[in-house]
Amino acid sequence: MRFKDVFSIIGPAMVGPSSSHTAGAVRIGRVARQLLGAGTPERAIVTFYGSFADTYQGHGTDLAVIAGLLDCDTDDSRIPHSREEAEKAGMAVEFRIGVNPLYHPNTVRLELFKGERRLTAAGSSIGGGNVEMFSVDGFDVKFTGMYPTLVLYHRDRPGMIADVAELLRRHHLNIGSMDVDRKARSGDALTVMEVDSPVSEEIAGDLGRISEVRDVRTIDLTKRGRP
């Protein structure tokens, strides 16, 4: 079992009035940007639910999500000016309000576009700047973003998880948690693994060469964002 350090309990260093409505929103934006795997999106559709939908303008949640999409950290002084920064970066952002009583009150769904790439992801800010992502491109998977994370798009087949685990073992990379979802038996699947060490380009490349793996994405919020 992993234990949170004291800083993850009291919240991160941040710009903004609320760890849930600001810091958490920044982190969800950064996770989605890294999942897209193509740098700054050209276009983003941001849908807020629950408390986020009611208060996002007053609490600066809209600015926080934009900042995350620009790869800003929670303490970046540019967060209050992220709309202007997005315009400079050529990123168009559209905000919408959604209704789903089953979602956590602080939930946001992101649709990102860049060239031929498209990503849909949803997550919730659960307090103290911590987040829980629960959907990626229609797959029901949960992860926190607190640790370096591997996201594998692949076909469902016998031995896939064993092959991935063996490769990570050879690279001395320890798996802390894992979640898998599939569309159908032998159909499209998504595996998410939180690991204890950063994932190098070499490891990601080796994973991409495993049979039936279509794409490998990595997330690492432990690295500093924009300088």
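Here residue 58 qualifies as surrounded by fewer than 19 Cβ atoms within 10 Å (Cβ to Cβ) and not basic (Lys, Arg).
Among the residues of the stretch 197-205, some residue qualifies, meaning at least one is touching a Pro at 6+ places or on another chain (Cβ under 8 Å) and either farther than 30 Å from residue 89 by Cα or assigned by TED's automatic domain parsing to the domain that holds residue 119 (or both).
Residue 102 meets all of the listed conditions (1) modelled with pLDDT of 95 or more; (2) exposed (fewer than 15 other Cβ atoms within 10 Å of the Cβ) but one, namely (1).
Within the stretch 43-55, track down each residue that is under 15 Å from residue 82 (Cα atoms) and surrounded by fewer than 19 Cβ atoms within 10 Å (Cβ to Cβ).
Here is the first cut: in the stretch 43-55, the ones under 15 Å from residue 82 (Cα atoms) are 43-44, 46.
Within the stretch 43-55, 43 is the sole residue that qualifies.
All conditions in (1) touching a residue at least 24 places away in the same chain (Cβ under 8 Å); (2) touching a strand residue (DSSP E or B) at 6+ places or on another chain (Cβ under 8 Å); (3) surrounded by 17 or more Cβ atoms within 10 Å (Cβ to Cβ) hold for residue 72, with the sole exception of (2).
Take the residues in the stretch 128-160 that are β-branched (Val, Ile, Thr) and farther than 14 Å from residue 216 by Cα; name whichever of them is surrounded by the fewest Cβ atoms within 10 Å (Cβ to Cβ).
First pass over the stretch 128-160, keeping only residues β-branched (Val, Ile, Thr): 131, 136, 141, 144, 149, 151.
Filter once more, keeping what is farther than 14 Å from residue 216 by Cα: 131, 141, 144.
Working: 131: 28, 141: 18, 144: 21.
Only one residue tops the list, namely 141.
Across the stretch 44-88, the number of residues qualifying as within 20 Å of residue 111 (Cβ to Cβ), outside any loop (DSSP other than H, G, I, E, B) and hydroxyl-bearing (Ser, Thr, Tyr) comes to 4.
Considering only the stretch 117-143, state which residues are within 28 Å of residue 167 (Cα to Cα), part of a loop (DSSP other than H, G, I, E, B) and touching a Ser or Thr at 6+ places or on another chain (Cβ under 8 Å). Across the stretch 117-143, the qualifying residues are 137, 138, 141.
For residue 70, are the conditions met, namely being within 19 Å of the chain's Cα centre (by Cα) and under 13 Å from residue 46 (Cα atoms)? Taking the combined requirement at face value, the residue does not satisfy it.
What do you reckon, is residue 219 β-branched (Val, Ile, Thr), modelled with pLDDT of 95 or more and farther than 20 Å from residue 143 by Cα? Please lay out each step first, then the result.
On the way: β-branched (Val, Ile, Thr): yes; modelled with pLDDT of 95 or more: yes; farther than 20 Å from residue 143 by Cα: no.
It is false that residue 219 is β-branched (Val, Ile, Thr), modelled with pLDDT of 95 or more and farther than 20 Å from residue 143 by Cα.
Could you please find all residues in the stretch 180-212 being among the aliphatic types (A, V, I, L, M), touching a helix residue (DSSP H, G or I) at 6+ places or on another chain (Cβ under 8 Å) and surrounded by fewer than 18 Cβ atoms within 10 Å (Cβ to Cβ)? Those that are among the aliphatic types (A, V, I, L, M), touching a helix residue (DSSP H, G or I) at 6+ places or on another chain (Cβ under 8 Å) and surrounded by fewer than 18 Cβ atoms within 10 Å (Cβ to Cβ): 180, 210.
The values are calculated or read from the model by the stated rules, or taken from the named source; none is laboratory data. The structure displayed is predicted, hence computed values, not measured ones. Because the Cβ atoms are built from the backbone with ideal geometry, glycine has one as well, and the counts that use them run over all protein chains shown.
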